[in-house]
Amino acid sequence: MSKASEARRNALYQRVLGEGRVRVGELARQLDVTTETIRKDLKVLEERGVLTKKHGSAVVRNAYYQLPFDVKLQEHTLEKQLIARKALEFIEDDAIVYMDPGSTCLQLAKLLRLKKNITVLTNSLPIADIICDSGLDLIMTGGKLQKKGRALVGYYATNVIDTVRIDIAFMGCDGFMDMDGPMTFSMEHAEVNRHILAHSRKNILLCDSSKFTKTATYQFAKFSDYDVMITNELQEGQQDCVSEVKQLIMVKEN
């Protein structure tokens with residue numbers, strides 16, 4: 001696949017996400033390509049599970065739909081990188097660090113080689129792959145593979161978590177609009193998160209500001225359960241929604 005095709009499809013996805021519905025003819029005119037090209041792009045995006053094709057148009061999947069991990073990686077990448085850089089400052093050498101299977105945590109995993117003698121506990125296959133190449137120690141939770149999130153869940157995962165002394169845990173979420181704590185689409189992942197919160201000495205929530213306007217299915221914690229929340233710049237009033245977090249940090253591009 002060419003870079004131009006992938007860039008165009010990313011742009012199409014952002015349009016559908018922002019507008020809810022887009023029309024093939026209008027997209028073709030705006031992007032200066034044929035309607036057939038747009039239809040092919042929309043078919044690819046439908047196969048990825050991010051939209052549904054209609055006659056002459058496409059609509060976003062409903063708000064209670066869990067996006068595949070590789071799609072999440074393409075969302076708000078700069079913001080996630082900034083959040084990850086700030087999160088790195090909280091990790092001390094020789095610590096045992098838990099990293100959940102979120103895309104922001106994956107950005108943090110790429111930076112961990114800057115620390116010394118870190119042991120990483122994770123249930124994320126992509127993060128485990130990064131840690132394998134970093135020279136750091138790795139503990140995998142085990143468990144049943146949740147294919148869409150590429151994460152291990154279930155009894156075997158929580159059983160391992162309950163036996164590890166975690167110095168600091170980094171966790172993400174799928175959204176929390178109108179709620180008093182973070183949410184996820186997966187009941188199994190919610191259970192994993194609850195065990196992490198119970199066994200970690202310090203808990204940090206990593207989420208870009210888009211999560212303030214997104215929702216999910218299962219709430220797994222209160223904002224007061226977190227020592228720190230790191231996000232990017234917020235709109236007026238959004239900070240009040242997470243006032244129970246002990247420390248709120250907003251990062252911005254220099």
The long-range amide H neighbours of residue 166, using H built 1.01 Å from N in the peptide plane and a cut-off of under 5 Å, are 201
Net charge (Lys, Arg +1; Asp, Glu -1) of residues whose beta-carbon lies under 12 Å from that of residue 116, residue 116 excluded, is -2
Percent relative contact order for the chain, counting Cα pairs under 8 Å at least six residues apart, stands at 14
Carbon and sulfur atoms account, in whole percent of the 1.4 Å probe accessible area of region 68-248, for 47
For the chain, the charge dipole (Cβ of Lys, Arg +1; Cβ of Asp, Glu -1; about the Cα centre) points to a positive end, and the Cα of 107, 25, 242 closest to that extreme belongs to 25
Region 93-142, convex hull of Cα, quarter of hull surface, nm² -> 2.8
The answer for the chain, accessible area per residue at 1.4 Å probe in Å², is 50
The relative contact order of region 152-254, taking Cα pairs under 8 Å that sit 6 or more residues apart, comes to a percentage of 28
Log10 I(q)/I(0) at q = 0.12, 0.14, 0.17 Å⁻¹ for the chain, from Debye over equal alpha-carbon scatterers, is -0.73, -0.95, -1.28
For the chain, longest principal axis from Cα atoms; helix 187-199 axis from its Cα atoms; angle between them, nearest 10 degrees, is 30
Ranked output for segments 181-192, 146-157, 208-219, 26-37 by mean other Cβ atoms within 10 Å, highest leading, reads 181-192, 146-157, 208-219, 26-37
In nm, the gap between the two label points placed 7 Å beyond Cα toward Cβ at residue 236 and residue 46 is 4.3
Rounded to the nearest 10 Å², the accessible area of residue 160 using a 1.4 Å probe with every protein chain kept is 40
Sorted list, accessible surface of protein heavy atoms, 1.4 Å probe, largest first, for 167, 94 is 94, 167
From most to least accessible, 1.4 Å probe, no ligand or DNA/RNA atoms counted, 99, 177 line up as 177, 99
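The values are calculated or read from the model by the stated rules, or taken from the named source; none is laboratory data. Remember, it's a predicted structure, so these values are computed and weren't measured experimentally. All Cβ positions, even for glycine, are placed from backbone atoms using ideal geometry, and neighbour counts span all protein chains on display. Protein only, heavy atoms only, side chains kept; ligands, DNA and RNA dropped before computing areas. Shrake-Rupley method; radii C 1.70, N 1.55, O 1.52, S 1.80 Å.
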